[in-house]
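K.L.:
Once you've had a glance at the structure underneath, I'll fire off some questions.
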Amino acid sequence: MWLNKFLDLEDDIEQLRSKIEENIFKKIKKTQLTPLQFTVLETIFNAHTISGYDLIKLLNKQFAKTWKASSGTIYPILSKLEKNGYLTSKQVKSPIGPLRTVYSLTDAGKQIIKTKVNKNFQEQLNYIENFVTELSLIYIKSFPKEVAEQKTEEVKSLLKQIIDNIIERIPVNMKFPSYCPQCGSKLDKQGIKFCAYCGADLKGRVS
């Protein structure tokens with residue numbers, strides 16, 4: 001939903017530099033990102049650690065057939081974001097096959113995502129509200145007048161269901177999951193000694 005042709009991060013980075021003593025932004029080489037690049041960073045932020053293949057699947061689920069992510073589009077973006085200091089990658093053992101490359105945000109990438117979203121959260125929600133309203137009105141007006149009232153009620157019911165779904169996905173008490181430091185897989189249980197996916201020793205190393 002980021003409509004700018006490019007998202008300018010220079011001011012955000014300068015503000016963060018003044019707040020954080022450690023210069024974690026020295027590897028940031030580019031301070032403008034396209035909306036798609038920023039969306040990729042947001043998705044990886046919430047996933048914590050993810051392979052390119054799983055990222056493509058997740059993006060296609062999020063875009064809900066309005067746009068199709070492909071390896072030819074996403075992998076060059078991942079490479080560019082890593083080169084410019086927003087991402088880091090490593091190869092990890094796969095539970096079912098050869099080594100796979102997984103991606104996660106650098107400390108600088110995490111700080112930038114949190115700052116940019118925080119500063120624009122209400123603005124983005126307002127945009128989504130206006131967009132959904134316009135889309136709903138056009139949808140209702142695309143039907144004959146005799147069924148407009150019925151379609152209006154259907155749209156209202158659908159929107160209420162969508163809002164309920166969103167609220168359900170936001171936990172009341174934020175519980176931060178644990179991830180394997182080796183392969184990045186989400187750990188289902190606390191206190192386990194070895195990762196069920198890659199076999200890594202987790203004693204004292206769970207992130």
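K.L.:
Of everything in region 44-63 that's within 8 Å of the chain's Cα centre (by Cα) and surrounded by 15 or more Cβ atoms within 10 Å (Cβ to Cβ), which residue is farthest from K80 (Cα to Cα)?
P.N.:
First, the residues of region 44-63 that are within 8 Å of the chain's Cα centre (by Cα): 44-47.
With surrounded by 15 or more Cβ atoms within 10 Å (Cβ to Cβ) added as a condition, the list becomes 44-45, 47.
Numbers: I44: 15, F45: 17, A47: 19 Å.
Looking at the filtered set, the residue picked out is A47.
K.L.:
Could you check V132 against (1) at pLDDT below 95; (2) exposed (fewer than 15 other Cβ atoms within 10 Å of the Cβ); (3) of a type outside the set (D, E) and say which number it fails?
P.N.:
Looking at each condition in turn, V132 falls short on (1).
K.L.:
Further question: Does region 87-104 hold any residues that are over 15 Å from L33 (Cα atoms) and either touching a helix residue (DSSP H, G or I) at 6+ places or on another chain (Cβ under 9 Å) or outside the structural domain of T34 (by TED's automatic domain parsing) (or both), and which are they?
P.N.:
Correct list: T88, S89, R100, T101, V102, Y103, S104.
K.L.:
Just checking, which of N84, N130 is of a type in the set (S, T, N, Q) and either more than 19 Å from the chain's Cα centre (by Cα) or not assigned by TED's automatic domain parsing to the domain that holds T31 (or both)? Don't jump to the end; show me each part of the working.
P.N.:
Numbers: N84 fails: either more than 19 Å from the chain's Cα centre (by Cα) or not assigned by TED's automatic domain parsing to the domain that holds T31 (or both).
Only one candidate passes the filter, namely N130.
K.L.:
Another one. From the list I167, I140, I128, I112, which one is part of a helix (DSSP H, G or I) and without any contact (Cβ under 8 Å) to a residue 12 or more places away in the chain? Steps first, please.
P.N.:
Working: I140 fails: without any contact (Cβ under 8 Å) to a residue 12 or more places away in the chain; I128 fails: without any contact (Cβ under 8 Å) to a residue 12 or more places away in the chain; I112 fails: without any contact (Cβ under 8 Å) to a residue 12 or more places away in the chain.
Step by step, each of I167, I140, I128, I112 is checked, and only I167 is part of a helix (DSSP H, G or I) and without any contact (Cβ under 8 Å) to a residue 12 or more places away in the chain.
K.L.:
Would you mind stating whether I24 is modelled with pLDDT under 95 and more than 22 Å from L99 (Cα to Cα)?
P.N.:
yes
K.L.:
Could I ask something else about it? Are any residues in region 38-69 free of Cβ contacts under 8 Å to residues at least 60 places away in the same chain, part of a loop (DSSP other than H, G, I, E, B) and among the β-branched types (V, I, T), and if so, which ones?
P.N.:
T66
The values are calculated or read from the model by the stated rules, or taken from the named source; none is laboratory data. Values in this document were obtained by computation on a predicted structure and should not be read as measured data. Positions of Cβ are generated from backbone atoms using ideal geometry, with glycine treated the same way; all protein chains shown enter the neighbour counts.
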